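A short write-up of the structure that comes next.
The values are calculated or read from the model by the stated rules, or taken from the named source; none is laboratory data. Please read all numbers here as calculations on a predicted model, not as lab measurements. Cβ atoms come from the backbone with ideal geometry, glycine included; neighbour counts cover every protein chain shown.
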Amino acid sequence: MGKVTRKSDFDLHRLTTERPNPASQDLDGKSSLELARIINEQDATVATAVNRQLPQIAKVIDLVAAALRNGGRLIYIGAGTSGRIAALDASECAPTFNTDRVQFIIAGGSHALANDSEISEDDAKQGREAMSRRRVTRSDVVIGIAASGRTRFTLAALKFARASGAHTIALTCNPNSPLERAAHFAIITRVGPEVLAGSSRMKSGTAHKMVLNMISTGAMCRLGYVYGNLMVNVVPKNEKLRQRAVGILQRISGAAPAEAQLALKRSGERTPVALVMLMTGVTKTAALRALKSSSGHVRNAISIVKMSTL
């Protein structure tokens, strides 16, 4: 009797991201330079795949910005490589933009960040429970990430989030997937077969890292946590970040180094407060009041103060 092929196995083998890539045939026989060239040439195609999804990405940026503005959260959900990429983008938002409302859920929990826990990705029950513990509501945006679009943990979590009223988006590399059908809409980065067949940490992972960077950074721009192209919400928790904050204050306001350092100190080490103070000449209290009125939008806070003095 021959081997019985389950439908799930058949579906996986049909996925574009699982197919061998003709460009990397006989990869194990290549020189190191040839290996690097093949991988680099394939990586160069990723930006094009992401480019085709820019209208969908822009839609998500606006959706996320509106949710965060109204007290909601952006929650990434993923397993394995997808979960680790989600964790990377979410964890960087706190020091860069001073927000704790970009969050992640990874199959297997925090242990999975540095350990093999791929078995967890098949656990739909764990996905539902993880999302339930996050107490997701209609105020939140949940992005399910899976190159295959069929990861059970992620699919179950996304379905739970949608049933709870959250806005849901699928981020995948394969069209017509269960994850796409479960979400309100999808971002599909069609990167094609991987150099190492099925290794989604490569082109798929790169594409999804690019997309998450666009979404989180774009949303923060819409919220006014960016001034020009400078991270004015940066939290100066160490010497490098303090120097960065002082440099930002100097560039925008034209203040001398000593003046920028003093403003940062008087602001209580809060870069946006210091910037409003420097740009308008108001006190810390007035700067805080303006930022509160603008919901933290730094450029608007400066305009509020200037308008009030006319």
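If you scan the range 234-248, which residues turn out to be surrounded by fewer than 16 Cβ atoms within 10 Å (Cβ to Cβ) and without any contact (Cβ under 8 Å) to a residue 24 or more places away in the chain?
So in the range 234-248, the residues surrounded by fewer than 16 Cβ atoms within 10 Å (Cβ to Cβ) come out as 237-240, 243, 247.
Once the filter is applied, which keeps residues that are surrounded by fewer than 16 Cβ atoms within 10 Å (Cβ to Cβ) and without any contact (Cβ under 8 Å) to a residue 24 or more places away in the chain, the range 234-248 yields 238, 239, 240, 243, 247.
Evaluate the following for residue 40: is it over 19 Å from the mean Cα position of the chain (by Cα) and modelled with pLDDT of 95 or more?
On the way: over 19 Å from the mean Cα position of the chain (by Cα): yes; modelled with pLDDT of 95 or more: yes.
Criteria met by residue 40.
Out of the residues in the range 20-33 meeting the condition of being polar (S, T, N, Q), free of Cβ contacts under 8 Å to residues at least 40 places away in the same chain and part of a loop (DSSP other than H, G, I, E, B), tell me which one is nearest to residue 188 (Cα to Cα). Step through it out loud before you land on a result.
Step one: of the range 20-33, the residues polar (S, T, N, Q) are 21, 24-25, 31-32.
If we keep only those that are free of Cβ contacts under 8 Å to residues at least 40 places away in the same chain as well, we get 25, 31-32.
Remaining after also requiring part of a loop (DSSP other than H, G, I, E, B): 25, 31.
Numbers: 25: 26, 31: 33 Å.
Residue satisfying both the conditions and the ranking: 25.
For residue 62, are the conditions met, namely being of a type in the set (D, E, K, R) and at pLDDT 95 or above? If you could, list the steps in order and put the result at the bottom.
Values: of a type in the set (D, E, K, R): yes; at pLDDT 95 or above: yes.
Yes; evaluated as a whole, the condition is true for this residue.
Among the residues of the range 249-271, is any at pLDDT 95 or above, buried (at least 21 other Cβ atoms within 10 Å of the Cβ) and touching a Phe, Trp or Tyr at 6+ places or on another chain (Cβ under 8 Å)?
The answer is no; no qualifying residue exists.
Residues of the range 199-213 being more than 12 Å from the chain's Cα centre (by Cα), surrounded by fewer than 18 Cβ atoms within 10 Å (Cβ to Cβ) and in contact (Cβ under 8 Å) with a residue 40 or more places away in the chain, which ones?
201
Taking interchain pairs and intrachain pairs at least six residues apart, which have beta carbon atoms under 7 angstrom, with the first residue in the range 285-307 and within 20 Å of residue 231 (Cα to Cα) and the second crowded, with 22+ Cβ neighbours inside 10 Å and aromatic (Phe, Trp, Tyr)?
Listed pairs, sorted by first residue: 296/225.
What do you reckon, is residue 278 surrounded by 19 or more Cβ atoms within 10 Å (Cβ to Cβ), more than 26 Å from the chain's Cα centre (by Cα), touching a residue at least 24 places away in the same chain (Cβ under 8 Å) and not assigned by TED's automatic domain parsing to the domain that holds residue 68?
When the stated conditions are applied, residue 278 passes them.
Suppose we filter 5, 17, 48 for residues that are in a helix (DSSP H, G or I), modelled with pLDDT under 95 and polar (S, T, N, Q); which single one remains?
Values: 5 fails: in a helix (DSSP H, G or I); 48 fails: modelled with pLDDT under 95.
Criteria check complete, one pass: 17.
Got a sec? Which of 75, 85 is in contact (Cβ under 8 Å) with a residue 24 or more places away in the chain, under 12 Å from the mean Cα position of the chain (by Cα) and assigned to a strand (DSSP E or B)? Full working, then the answer.
Working: 85 fails: assigned to a strand (DSSP E or B).
When all the criteria are applied, what remains is 75.
Of everything in the range 51-72, what is closer than 28 Å to residue 292 by Cβ and in a helix (DSSP H, G or I)? Give them in sequence order. Spell out the reasoning first.
First, pick out the residues of the range 51-72 that are closer than 28 Å to residue 292 by Cβ: 60-72.
Within the range 51-72, 60, 61, 62, 63, 64, 65, 66, 67, 68, 69 meet the criteria.
Just need a number here: residues in the range 146-168 that are assigned to a strand (DSSP E or B) and buried (at least 24 other Cβ atoms within 10 Å of the Cβ). Steps first, answer last, please.
Pass one, the range 146-168, residues assigned to a strand (DSSP E or B): 167-168.
Then keep just the ones that are buried (at least 24 other Cβ atoms within 10 Å of the Cβ); that gives 168.
Total meeting the criteria: 1.
Read through the list (1) closer than 30 Å to residue 22 by Cα; (2) outside any helix (DSSP H, G or I), then give the number of the only condition that residue 143 fails.
(1)
Residue under question is residue 217, and the condition is that it be without any contact (Cβ under 8 Å) to a residue 60 or more places away in the chain, among the polar types (S, T, N, Q) and either surrounded by 19 or more Cβ atoms within 10 Å (Cβ to Cβ) or assigned to a helix (DSSP H, G or I) (or both); does it hold? Steps first, please.
Numbers: without any contact (Cβ under 8 Å) to a residue 60 or more places away in the chain: yes; among the polar types (S, T, N, Q): yes; either surrounded by 19 or more Cβ atoms within 10 Å (Cβ to Cβ) or assigned to a helix (DSSP H, G or I) (or both): yes.
Answer is yes for this residue.
Considering only residues that are at pLDDT below 95, surrounded by 13 or more Cβ atoms within 10 Å (Cβ to Cβ) and not in a helix (DSSP H, G or I), look in the range 114-140 and name the one that is farthest from the chain's Cα centre (by Cα).
123
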